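Just so you know, all these numbers are worked out from the coordinates, no wet-lab data involved. Because the structure is predicted, anything quoted here is derived from the model rather than measured. For neighbour counting, all protein chains shown are included, and Cβ atoms are generated from backbone atoms with ideal geometry for every residue, glycine included.
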Amino acid sequence: MPSVQIAIGGYFQERQIEAARSYYGRPENAGFCPPGLAKKGTGCLPPGQAKKWRIGTPLPAGVIYYDVPRSVVVTLGVPPSGYKYVRVASDILLIALGTSMVIDAMEDLVR
């Protein structure tokens, strides 16, 4: 159980979103996406894999997520106790440890 309660969808502030967009907007941090997937606008996910998560529900089994780079965590601020940041495709999510409940999200950071 997380030690701090955060309102669903009420964590990320505009300054955090801008910092993340700035980081992922740089070509060296955007990652490689094949041209065919890039033009689909699905965050470089293959067909059928886009947006399988929703705020207020646990991350479904099988959704692949990655740690957020330390330099981004520093700009976002350390997540509250009982939570962590993860990246799913071109989105950064704040999830609760243990339950993987999606608390808040910054979507479509790589365009």
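With N residues in region 47-111, what two-decimal value do you get for its Cα radius of gyration over 2.2 N^0.38 Å? Don't skip to the end; give the middle numbers.
Values: Rg = 11.4 Å, N = 65, 2.2 N^0.38 = 10.7 Å.
Rg over 2.2 N^0.38 Å, computed on Cα atoms: 1.06.
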Sum of side-chain charges, Gly77 neighbourhood, beta-carbon under 14 Å (Lys, Arg +1; Asp, Glu -1)
0
Roughly how many nanometres apart are two label points built 7 Å out from the Cα toward the Cβ at Val73 and Glu28?
2.1
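Please give the peptides 59-70, 78-89 ranked by average Cβ packing (other Cβ atoms within 10 Å per residue), highest first, as a rough proxy for protection. If you can, show how the numbers build up before the last one.
Working: 59-70: 12.8, 78-89: 18.1.
So the peptides 59-70, 78-89, ranked by packing, come out 78-89, 59-70.
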